[in-house]
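The values are calculated or read from the model by the stated rules, or taken from the named source; none is laboratory data. Keep in mind that this is a model prediction, so the values were computed, not measured. When we count neighbours, we look across all protein chains shown, and the Cβ atoms used for this are built from the backbone with ideal geometry, even at glycine. Heads up: the accessible areas ignore ligands, DNA and RNA and are worked out on the full protein's heavy atoms, side chains in. Shrake-Rupley method; radii C 1.70, N 1.55, O 1.52, S 1.80 Å.
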Amino acid sequence: MNTLLRVAAVELLRPHLATGVNVINVEHLARGRGIELVTIHEPNPPAGLVGDIVGVRADGPMGTHRVLGTVYADGWPRVLRMDGYAMDMIPEGTWC
């Protein structure tokens, strides 16, 4: 699992956990909560893409949610897909 995915997962889980989460224990903590962390290696990435596409899928009592994101050459993170809806969104603020 690459560092970008680990850091994204840490930031996703941190506000929701009483125990400390870091890049070392994040995979274990996520798996224990039904969260699958995957990196998708795209052989022909879109123009301007400088890194991998990061996907997070969470299975819970309210259903399954999946978010795909990346960072383009401009340095801004982008949400590319959320629950099957395609987009090119720069996230900001907090979400609970």
Complete set of residues in the range 52-78 that are aliphatic (A, V, I, L, M), over 15 Å from Val38 (Cα atoms) and part of a strand (DSSP E or B): Val71
Pair list, Cβ < 9 Å and 6+ apart or interchain, from the range 71-82 residues that are open to solvent by 80 Å² or more (accessible area, probe 1.4 Å) to residues that are among the small types (Gly, Ala, Ser): Asp74/Gly48; Arg81/Gly55; Arg81/Gly69
Residues of the range 27-39 that turn out to be in contact with a Leu (Cβ under 9 Å, 6 or more places away or on another chain) and either modelled with pLDDT of 95 or more or surrounded by fewer than 12 Cβ atoms within 10 Å (Cβ to Cβ) (or both), as a count: 1
In the range 48-96, residue farthest from Leu17 (Cα to Cα) [restricted to those that are of a type in the set (D, E, K, R) and modelled with pLDDT under 80]: Asp52
